[in-house]
Amino acid sequence: MIKEAIKYNEEELVTQIKLGNPHAIETFFKQFSNKVFRLCMQYLKNEEEAYDMVQDVFATLIAKIHNFKGESKLSTWLYSMTVFSCIGYLRKRNKKNETSIDEVTQNDQSKHELFFSKDVGLDAEQYNPTSDDLINKEDYGVLYREIFNLPADYKAIFILKELERLSIKEIQDIVSISIPAIKTRLHRARLYLRKRLEVHFPEYAQKDNVRTN
Amino acid sequence: MSGQIDCKGFQDLILDYTEKELDSNQLKAFESHFTACPECMDYLNSYTLTIDFCKEKLSPEHFKQKMPPAVKKRICDFLKNLPEVSSVK
């Protein structure tokens, strides 16, 4: 059999994975493994943990492939599984330092106060820098550390939107929450980062740069 | 939309504004408000600065990480040996 000549469209790929075809599984893995790995790295920031997570995600998907009804793309399902697996893993790993969105917002009187108060609802001091990412004044390192310190719910949406550059609708397909909820989390992530950027890059905060559409 | 919005209304639209998803009436109301409200103008300014800063600093080159070939092979072999996978190759 000339294995290398076989190419699958998505429907065929799903069918073959359901049949346990090892060539289809290899094809699927090769097609998406780098993207899944990159997504895992953005959450976990640890290569060994990311490798393990990649293996777990693909193994779980293969084990549960019969649940896949084809209502979304297979890749969407895969990324969804990746995001939720990483969030679950981070919650267990960082339990002390995390705050859920509900905990953050329950003391706010109203959305208006949240948005206009100097304290955006998150106490940045709650979040300790990760031990494997020492203070790095290079812009990229500092920003990435602050993104990493976001609560899992905010971080999930922020990574998909601002790093993976997905649309709001694509994000909804992955995380299965309402568009208003996605927008709220994205907005709050941005507010938190704005607060942190003022601390690290005060010269940037002074720029006069109103963008008009 | 009546053509006028308050600060709360402005807040509710800001994300859609940055995503260019406002219709023409909403856009007009939004722009009218921030030109007349210094606090909202400030707020919009800082909000868009954050977005622009992230876009500038988080360039795609930083994220083109790939797994080493040996790791990929190890994982692929693991997956092909799962119980769900046929032994017929």
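The values are calculated or read from the model by the stated rules, or taken from the named source; none is laboratory data. On a predicted model such as this, the values are computed, not experimentally measured, just so you know. FYI the Cβ positions are ideal-geometry reconstructions off the backbone, even for glycines, and counts take in every protein chain you see.
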>> Here is a check on your reading of the model: is B:K55 farther than 19 Å from A:L186 by Cβ and either at pLDDT below 90 or not small (G, A, S) (or both)?
In response: no
> What residue, among those in segment B:49-86 that are farther than 23 Å from A:Q42 by Cα and among the polar types (S, T, N, Q), is nearest to the other protein chains (Cβ to nearest Cβ)?
Replying inline: B:S86
> (1) in contact with a Leu (Cβ under 9 Å, 6 or more places away or on another chain); (2) within 14 Å of chain B (Cβ to nearest Cβ): which one isn't true of A:L90, the others all being true?
Replying inline: (2)
>> Of all residues being outside any helix (DSSP H, G or I) and more than 16 Å from B:K20 (Cβ to Cβ) in segment A:164-180, which is modelled with the lowest pLDDT? Just the residue, please.
In response: A:E164
> Out of segment B:12-52, which residues are assigned to a helix (DSSP H, G or I), without any contact (Cβ under 8 Å) to a residue 12 or more places away in the chain and closer than 20 Å to A:L193 by Cα?
Replying inline: B:D12, B:L15, B:D16, B:M41, B:D42, B:N45, B:S46, B:L49, B:T50, B:D52
> Which condition number does A:L61 fail, the rest of (1) at the interface with chain B (Cβ under 10 Å from one of its Cβ atoms); (2) farther than 18 Å from B:E84 by Cα; (3) buried (at least 17 other Cβ atoms within 10 Å of the Cβ) being met?
Replying inline: (2)
>> Quick check on segment A:39-54: of everything there that is at the interface with chain B (Cβ under 9 Å from one of its Cβ atoms) and surrounded by 19 or more Cβ atoms within 10 Å (Cβ to Cβ), which residue is nearest to B:A70 (Cα to Cα)?
In response: A:Y51
>> Test of understanding: among B:K8, B:K28, B:K72, which residue is more than 16 Å from the chain's Cα centre (by Cα) and under 30 Å from A:H66 (Cα atoms)?
In response: B:K72
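When you look at B:P38, is it more than 7 Å from every other protein chain (Cβ to nearest Cβ) and at pLDDT 90 or above, yes or no?
yes
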>> Just to confirm my filter: which helices (runs of 4 or more DSSP H) fall fully inside segment A:1-95 and include at least 2 residues that are within 27 Å of A:Y154 (Cα to Cα)?
In response: A:22-44, A:47-63, A:74-93
> What do you reckon, is A:L74 surrounded by fewer than 20 Cβ atoms within 10 Å (Cβ to Cβ) and within 20 Å of B:V85 (Cα to Cα)?
Replying inline: yes
>> When you check A:K183 against the structure, is it modelled with pLDDT of 85 or more and of a type in the set (D, E, K, R), yes or no?
In response: yes
